Every structure is written in structure tokens, then in C-alpha cells.
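The values are calculated or read from the model by the stated rules, or taken from the named source; none is laboratory data. What you see is a predicted model, and the numbers here were worked out from it, not measured in a lab. Cβ placement follows ideal geometry from the backbone for every residue including glycine, while neighbour counts extend to all protein chains displayed.
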Amino acid sequence: MIVGVHPLAGFDKLLHYQVPEGLRAHMQVGSLVRVPIVNRMHLGIVGMIGAPDNFPVSKLKNVTQLLHPFPALTPDLLSLARWMAAYYACGLDAIIETMLPASVRNGAGLKTEKQLALVRRLDVPELETLNRRAPQQAKLYAFLAQQFKPQRKSLVLSRLGITAAVSNALVKRGIIREEERRIERIAYDDDWAAGEIVAAHPPALNDEQRAASDALAASLREGKFGVSLLHGVTGSGKTEIYLHAIHDVLEAGGGVIFLVPEVALTPQTVARLRGRLNALIPHHGAVVWHSHLSDGERLDGWLALATGEKRIVVGARSAIFAPVQNLRLIVVDEEHEPAYKQDETPRYHGRDVAVMRAKLAGAHCLLGSATPSLESFFNAQNGRYRLLQLPRRIDSRKLPDIDIVDMRIEIMRTRGMTTLSRQLVGAMRDRFEKREQTILFINRRGYSSSMLCSECGHVEACEHCSIAMTYHRHDEQLRCHLCGAERPAPLRCPKCGSLKIRWRGLGTQRVEEAVRHVLPHARIERMDTDTMSRKNRFREVLAQFRSGKIDVLVGTQMIGKGLDFPNVTLVGLVDADISMHVPDFRANERTFQLLVQVAGRAGRGDRAGEVVVQTFTPQSEAIQFSRHADFAGFAAGELKMREQFLYPPYRHLIQHVFRGPNPEKLQFFAEQWARKIEQTLGDKVELRGPAPSPIEKIKDEYRYQLWYFTAQVTKVVAEIAKLRQDFAWPDDMIQVLDVDPVSLM
Ligand code: ADP
Ligand code: ZN
Ligand code: ZN
């Protein structure tokens, strides 16, 4: 028997080995093996059984070890790895490394312990004999006879003060047995979501939920690949739909992957899901998968799935690679979240990979969101996905009112910059008096270098690309970082002539100070990546907020996801413009998503919620459509714009970033490369750039970028990857491809 192995040794090649007799029985495609390469041992994944014709078989070395009797990569995962390597222009070895937890890649085995258990009970004469002849053995027998389940050997021996010889003697006589058991480490035993009430009895579905659920159940029974997009407004009960589908699949013996954007940020979702799953199907305990697991915990989870002992995993992005057996359903909750995209190699999108894995496994993929990505919505519109809708909140509860505050007027009234409008301050005071809570959102900290006129709201945008231009401080230029167009930064607003031009957004700190000023007696807490760098601080603050020890929480989007606080009746968005005017064609989409999601957080209990949005451009579509959570209206307008500029979803976008210490050299080679692409692939791709990145220099390294727009992404990526290999890059230049980037920054 010969196998082809993908070694995990830092290069991308298939090597062949002989399989010795003793390892053949469980050897299969996807097996994790140890093989010699030159003088060292490496782990590898079996990629094929057999060898090419006329292969010089006699010289092959032997596989030295088979680590598990089951494949480490299921067949669908191995196919997925190959697809990803091609689609994301990345080495197969890097993909396989991503798919396997570090502890598995290091060859760690099962952690086991020896246990003792009773085999049979002794009758009275036997017991008397034992007592007389071997009092130590009798002591052990008496102890085990009282236990309901096997006991840890080391513990029993030390507790009874006896040696292993004693237990061995009883084993030999067939009275007790000794067994090797895997040790379970408890992966998700924490109290982040303390206070979460879990209903053991599911609510009866309403008519719309019933319709969506029935449609899904039918697809699941078919057992074929398909994708459904569940578009349900916030609070419409999407989780119930997920749970019904999961229940059906588990009952039928299938496996499930449930993806959430970021486990740490969605503790309630995870806790609720686990609670409900445990109540529904106690013996199917879910494996929880997230970045804070220890290696040992992760290994346990991985093994439980790979052996088929557990059949459901709940986790962030990388859980899409869990070795779930007989995979029938993948759920991607909040499918629009950019957090699904990995921003290091391999730069994959968890949602897209989920759809592909479902396809390879012949499973159903269920995408859910209150604000679907335009990519997914477009796929639903053109019939590639099935659209399921929940247009109403449970019990027809009203969505909170969104009040738009025109900051241009506010600034005129106060004759200067103001952070909090009178309306927002009034609403905050009112909540404070009523002992209700407020959340203030600020957009991504610090970074914003587009120009905004605070008199008329005008933002300078590129006429070719319809994205905001970026201000480059060092040469006082405005640049479009898609096409490279540039012009001097104006001193006056080009539209109204005002001198009141703003370049940056507000920091969380400044907002916190402003809140302290207007509510000196309130308990205020700030939450952003600066203050939250300590791992547990985040949970701590959330727990305090939940228990009512904080009146006002100020933070970035990171507090917006999946949080559900019944006592929060006011949500303020301090600076809606920043997200709208980042230089990205998805800026409007992100703003709309943020507004709708934020509004969905307010007033969840029986109290009505209020949302106050401060903006310099109240007329913009993202803001107007979000007032009534009108997704269809927003999507129609936005898709029209995308079509006009042939932006995704109408074409794919690939980003190519060049980095190096010498800006002239960087520019030169980037331009040479662009010329080469233009000549060879000019009919399949539209190039924009190369141009300096919006942040031109990071840590003494300059950055240039080039964009490819194409309708034939697979073919174009393959050709770029090939050309890239043959191109004479200078040694000090790094270049990175990002297929389907979610951010243009
Ligand atoms: P979404 O995920 O769509 O925002 P959720 O799934 O969180 O909505 O549901 C919102 C609330 O409504 C939850 O507290 C949930 O338990 C409850 N709920 C869902 N479906 C029903 C139902 N059919 N009857 C009563 N309550 C329901
Ligand atoms: Zn102006
Ligand atoms: Zn442009």
C-alpha cells in the first residue's frame, strides 16, 4: 500500500510513502500520519491512496505512525482545503494548518486516566473468604461495590492506602476491571452569561416562524446541498428557527456546525443556544469552539467531534473546520458580520467557506441576519439561495423610534463643536432619573481621515469610484485609494465655501468626558479596544452593566453585537457619519447595518426603546432607510449603485498589497507588475491603481495597493498566482493577495 502525504513541514508538496502492514487497517484519505523527511520526522495528512503510474515504488520510505484510527480531515474537509488553496491563492499546507488545532498538529494524543469498576458482586461465602485471606482486596471491593460509576484508579488507591498489586489481583480474578478513559476538560464552563434565563420549553412558533421552519425541514429531509437566507428583523425569533432545524438534524443522526461572529462578543447567544440544546437533547452536548480555549480543551472538543462522540459544534469562524461527522447543517448567524473574514493568511471568509463546505458535504447551509450582506441578498434575489423571511418582531412589538439629530443645526446653535446634542442629553437625563440604562456608540476609534464639512455635511468623494477620498497629512493631498486619483486638500468646503472642515471622528474618551459633564452623578464606563485589552475586563464590565451597576456605557461597535439588555431604553449613536464616510464602497451598507442592529438592541423588555442618531448628513439613504429598518428599500438603492460601478456583488474584488522599506522601488515594481497583468489578463480584469494605501506607512514600511475587479474570480486568481511566481520581485518587497476583502482600508 502506498500513500501520498501532504507534510506539515512548511512547504506545499505531495510526498509518497509505503504503508507497513500493521498500519494499513485504518489508513485512509485524511489520516494524520508521521513520516520521515530527510532526517526528521514530520506530521502529514494523507491526500491520496496509491501512487501515480510508473512510480519508483522500491525506494519509498515507510510511514512510521498513524496517529488516530479515524481521519483527521474528513473527505469534505480535504476537498475544501483544495478549493481554498486555489480560491484564496494560498499554499495547501497553510490551509491544512489552519484546519487542524495546534495540539493536533503537534501530534498530541488522547489524555487518559485509568479507572476501576466492579465487574460482579460477590456472594456472602466469597466475601467472607476474601475478608479473611486478603483484607486489602476486600477493602477495595467494598469501596467499589458502593460506587455507581467507575472511579479514578490513582485516587482510589491513595485514598484506601493500597498498592496497584491489590487492584491487579482483583482484576486478575475477574471481580473488577481496569479501563482507560479519556479525560474530559470542560470547555465552556464560565459565567459570562450569568443571569441569562433559559426557557426549557420552546415557545410555540408563530405563523411566519412556522412557515420558515417547515420550508427548512423539507430541505433538510431532502438531504441535498442548498442555501437558505433567513432574513428576520431584530427580535423576530430567528434563534427558534435555528434550534428547530438543529433539533431535526441531530434526531436524524446528522452533524451540525453553528457559527457566530465572535464568541466572546456573543456570550448570550452561545449560552442561550447551549441551554436550549441541553434541554432539548441532553445527550448531544455541544462542543464550544473559540479563541480562548486552552490547547487541551480544544483537543478534547476536536476529538469528541472527530470520533463522532459529539455531533454539534458552536463557535467562531474557525469552527467551520471542525471535523463534524455526517455534516447535514451549517448555520451562520449574523452572516453579514465582517468578523467572519480572517485578516491574515489564509484570508478566508467564514461564511463563503461555510457555503462551500455545505456544498462539498451535500449539506444545507442556513445564513441568518436582520441585515443580510448584499452579496447574500443578491444571491437570494437571483434564485441561488432561498429567501426565508420573518418580517415582524415577536408579539408584533414595535421597533424603537429612531430620532435623527441634524448636527449642522446643532453646531450653528451652539456656535462651535458639540459632542452631545441637546436632544441626546435630554434623553439621557430622563433615563438616569428613571433608573434606566443608556448605551452610547461611537464608531471605530480614531481612524477617519476623510473630510467632512460641518456646515453643510459635504464629503469629498472620488468621481470615478464614489468612495470618500483619504486625506494624506504629509503632503496635504486628498487621494482615492482605489484608483489613485489625487488633488490638493481644500481649505474651504468645495460645496458651500465654509472653513469648518473636520478631519477626524470623536474618541471614546472625549465622549466619556462629555457624558460626565452633563451627568456628573451617573456611573459611566467606557469600553473600547484600549480599555478592554485585559482579557476579562470585557466580561466584567458587561456583567456589571447587566446587573445595573452602570448607568451609561460608552463604547465602539464591539458592544453592539448580540447584546441584549432589557433595561437599556436609550441608545445613542454619537457620530453616524464616520462609518458612512470611510473610504469604502461598503460604507453605506455598514452604516445601515450598524443603525438597524443598534436600534434592535434598544427596549427589548416590555419597555419601549429610543434611538438617537447624530449626523451631519441626515438625508443620506443609509440613515433614512434605517429609520424603519427598511432593508428591502435600502438594498434596492444600494444594489443599483453597486451595479453602476460594477462593485461586488456584481463582480469580485481582489486586493493586492505591496510592502517594503523603499517607496520608489515599491512604486516601480508595483507599476511593472500592473503593466504585466494588464497585458496578460487585461480582457478578464479591470485594474485600479497601484496607489498608496490609505495608511501609507506602518512601522517604517511603505504600502502600495492594486485592485483587480473581475467576473471570473477563480480563473483570474489562478493566473495571478502563476504569474506571481515567475515575476522577479526584489527581496525586500512583500506582497499579499486578498480575495473578496471585506474592508478596503
Ligand atoms: P432574533 O435572533 O431574530 O433577533 P430572537 O431569536 O433573539 O430574535 O428572539 C427574540 C425573543 O423572542 C427571544 O426572547 C425569544 O425567546 C422570543 N421568542 C422567539 N420566538 C418566540 C415565539 N414563537 N413565541 C414567544 N416568544 C418567542
Ligand atoms: Zn460645506
Ligand atoms: Zn477613484
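I'd like the full set of residues that are under 30 Å from Tyr702 (Cα atoms) and touching a residue at least 24 places away in the same chain (Cβ under 8 Å), limited to the stretch 485-527.
Listed by number, the residues that qualify are Ala489, Pro490, Ile501, Arg502, Trp503, Arg504, Gly505, Leu506, Gly507, Thr508.
Could you figure out which of (1) closer than 21 Å to Leu367 by Cβ; (2) modelled with pLDDT of 75 or more; (3) among the basic types (Lys, Arg) isn't true of Arg298?
For Arg298, the exception is condition (1).
Is it fair to say Arg651 is at pLDDT 95 or above, surrounded by 15 or more Cβ atoms within 10 Å (Cβ to Cβ) and closer than 27 Å to Leu374 by Cα?
yes
Filter the stretch 393-406 for residues that are in contact (Cβ under 8 Å) with a residue 60 or more places away in the chain and surrounded by fewer than 18 Cβ atoms within 10 Å (Cβ to Cβ); which is nearest to ligand 2 (Cβ to nearest atom)?
From the stretch 393-406, those in contact (Cβ under 8 Å) with a residue 60 or more places away in the chain are 393-394, 397-406; that's our starting set.
With the extra rule that they be surrounded by fewer than 18 Cβ atoms within 10 Å (Cβ to Cβ), the set shrinks to 394, 397-398, 401, 403, 406.
On the way: Ile394: 44, Arg397: 40, Lys398: 36, Asp401: 29, Asp403: 24, Asp406: 14 Å.
Within the stretch 393-406, the match that is nearest to ligand 2 (Cβ to nearest atom) is Asp406.
Looking at Ala339, Ala319, can you tell me which residue is outside any loop (DSSP other than H, G, I, E, B), surrounded by 21 or more Cβ atoms within 10 Å (Cβ to Cβ) and among the small types (Gly, Ala, Ser)?
Going through Ala339, Ala319 in turn, the sole match is Ala319.
Residues checked against (1) closer than 13 Å to Leu77 by Cβ; (2) touching a residue at least 12 places away in the same chain (Cβ under 8 Å); (3) in contact with a Pro (Cβ under 9 Å, 6 or more places away or on another chain):
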| position | (1), (2), (3) |
| --- | --- |
| Leu327 | yes, yes, no |
| His336 | no, yes, yes |
| Ala339 | no, yes, yes |
| Arg351 | no, yes, no |
| Ala354 | yes, yes, no |
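For residues that are β-branched (Val, Ile, Thr) and closer than 20 Å to Ala587 by Cβ, tally how many sit in the stretch 467-522.
The qualifying residues number 3.
Pairs only if they're at least six apart or on different chains, beta carbon under 9 angstrom, first in the stretch 95-120 and over 30 Å from Pro346 (Cα atoms) and basic (Lys, Arg), second crowded, with 19+ Cβ neighbours inside 10 Å and modelled with pLDDT of 90 or more; list them, first residue then second.
Between residues of the stretch 95-120 that are over 30 Å from Pro346 (Cα atoms) and basic (Lys, Arg) and residues that are crowded, with 19+ Cβ neighbours inside 10 Å and modelled with pLDDT of 90 or more, the close pairs are Arg120/Ile175; Arg120/Ile176.
Leu482 passes all but one of (1) of a type outside the set (Lys, Arg); (2) touching a residue at least 40 places away in the same chain (Cβ under 8 Å); (3) surrounded by 20 or more Cβ atoms within 10 Å (Cβ to Cβ); (4) not in a loop (DSSP other than H, G, I, E, B); which number fails?
(4)
Is there any pair linking a residue in the stretch 713-732 that is more than 18 Å from Leu653 (Cβ to Cβ) to one that is loosely packed, with under 13 Cβ neighbours inside 10 Å and of a type outside the set (Ser, Thr, Tyr), with Cβ under 6 Å and at least six apart or on different chains, and which?
Pairs that qualify, where the first residue is more than 18 Å from Leu653 (Cβ to Cβ) and the partner is loosely packed, with under 13 Cβ neighbours inside 10 Å and of a type outside the set (Ser, Thr, Tyr), are Asp732/Pro661.
A quick yes/no check of all residues on (1) assigned to a loop (DSSP other than H, G, I, E, B); (2) touching a Gly at 6+ places or on another chain (Cβ under 9 Å); (3) surrounded by 14 or more Cβ atoms within 10 Å (Cβ to Cβ):
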{"position": "Ala25", "(1), (2), (3)": "yes, no, no"}
{"position": "Val29", "(1), (2), (3)": "yes, yes, yes"}
{"position": "Val33", "(1), (2), (3)": "no, yes, yes"}
{"position": "Phe70", "(1), (2), (3)": "yes, yes, yes"}
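Determine whether His464 is of a type outside the set (Val, Ile, Thr), within 30 Å of His656 (Cα to Cα), within 16 Å of ligand 3 (Cβ to nearest atom) and at pLDDT below 85.
Spelling it out, His464 is indeed of a type outside the set (Val, Ile, Thr), within 30 Å of His656 (Cα to Cα), within 16 Å of ligand 3 (Cβ to nearest atom) and at pLDDT below 85.
How many residues does the stretch 453-470 contain that are within 8 Å of ligand 2 (Cβ to nearest atom) and in a strand (DSSP E or B)?
Residues meeting the conditions: 1.
Test Glu671 against the criterion of being closer than 21 Å to Glu463 by Cα, acidic (Asp, Glu), in contact (Cβ under 8 Å) with a residue 12 or more places away in the chain and surrounded by 14 or more Cβ atoms within 10 Å (Cβ to Cβ), and give yes or no.
So Glu671 does not fit the description; no.
Name the one entry in Ala370, Ala339 that is away from ligand 2 (no atom under 16 Å from the Cβ), over 17 Å from Thr239 (Cα atoms) and among the hydrophobic types (A, V, I, L, M, F, W, C).
Criteria check complete, one pass: Ala339.
Those residues that are out of contact with any strand residue (DSSP E or B) (no Cβ under 8 Å at 6 or more places or on another chain), surrounded by fewer than 19 Cβ atoms within 10 Å (Cβ to Cβ) and modelled with pLDDT of 75 or more, I need them from the stretch 486-545; list them, please.
Pro494, Gly497, Leu499, Arg510, Glu513, His517, Val518, Pro520, His521, Glu540, Ala543
Residues checked against (1) surrounded by fewer than 19 Cβ atoms within 10 Å (Cβ to Cβ); (2) without any contact (Cβ under 8 Å) to a residue 60 or more places away in the chain:
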residue: Gln209; (1), (2): no, no
residue: Ala212; (1), (2): no, no
residue: Glu222; (1), (2): yes, yes
residue: Phe225; (1), (2): yes, no
residue: Thr234; (1), (2): no, no
residue: Ile241; (1), (2): no, no
residue: Glu251; (1), (2): yes, yes
residue: Ile257; (1), (2): no, no
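Please go through the stretch 681-702 and pick out each residue that is in contact with an Asp or Glu (Cβ under 7 Å, 6 or more places away or on another chain) and surrounded by fewer than 21 Cβ atoms within 10 Å (Cβ to Cβ).
Our first condition is that a residue be in contact with an Asp or Glu (Cβ under 7 Å, 6 or more places away or on another chain); within the stretch 681-702, this holds for 681, 687, 690, 702.
Hits for the stretch 681-702 are Leu681, Leu687, Tyr702.
Here is a yes/no grid of residues against (1) within 16 Å of ligand 1 (Cβ to nearest atom); (2) surrounded by fewer than 22 Cβ atoms within 10 Å (Cβ to Cβ):
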site: Asp333; (1), (2): yes, no
site: Arg357; (1), (2): no, no
site: Phe378; (1), (2): no, yes
site: Asn382; (1), (2): no, yes
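Every residue, every condition in (1) within 16 Å of ligand 2 (Cβ to nearest atom); (2) at pLDDT 85 or above; (3) of a type outside the set (Val, Ile, Thr); (4) farther than 25 Å from Gln381 by Cα, yes or no:
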residue: Leu553; (1), (2), (3), (4): no, yes, yes, yes
residue: Leu563; (1), (2), (3), (4): no, no, yes, yes
residue: Gln597; (1), (2), (3), (4): no, no, yes, no
residue: Val611; (1), (2), (3), (4): no, yes, no, yes
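Every residue in the stretch 135-159 that is in contact with a Phe, Trp or Tyr (Cβ under 9 Å, 6 or more places away or on another chain) and surrounded by 13 or more Cβ atoms within 10 Å (Cβ to Cβ), please. Walk me through it before giving the result.
Taking the stretch 135-159 and keeping what is in contact with a Phe, Trp or Tyr (Cβ under 9 Å, 6 or more places away or on another chain), we get 151, 156, 159.
Answer for the stretch 135-159, where residues must be in contact with a Phe, Trp or Tyr (Cβ under 9 Å, 6 or more places away or on another chain) and surrounded by 13 or more Cβ atoms within 10 Å (Cβ to Cβ): Gln151, Val156.
Across the stretch 565-586, what is the number of residues that are at pLDDT 85 or above and among the hydroxyl-bearing types (Ser, Thr, Tyr)?
Residues that pass the stated criteria total 1.
Kindly provide the set of residues from the stretch 8-32 that are of a type in the set (S, T, N, Q) and over 21 Å from Leu92 (Cα atoms), ordered by number.
Gln18, the sole residue that qualifies.
Matching residues to (1) more than 16 Å from ligand 2 (Cβ to nearest atom); (2) at pLDDT 80 or above:
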{"residue": "Gln381", "(1), (2)": "yes, yes"}
{"residue": "Leu390", "(1), (2)": "yes, yes"}
{"residue": "Met412", "(1), (2)": "no, no"}
{"residue": "Arg429", "(1), (2)": "yes, yes"}
{"residue": "Thr438", "(1), (2)": "yes, yes"}
{"residue": "Phe441", "(1), (2)": "yes, yes"}
{"residue": "His472", "(1), (2)": "yes, no"}
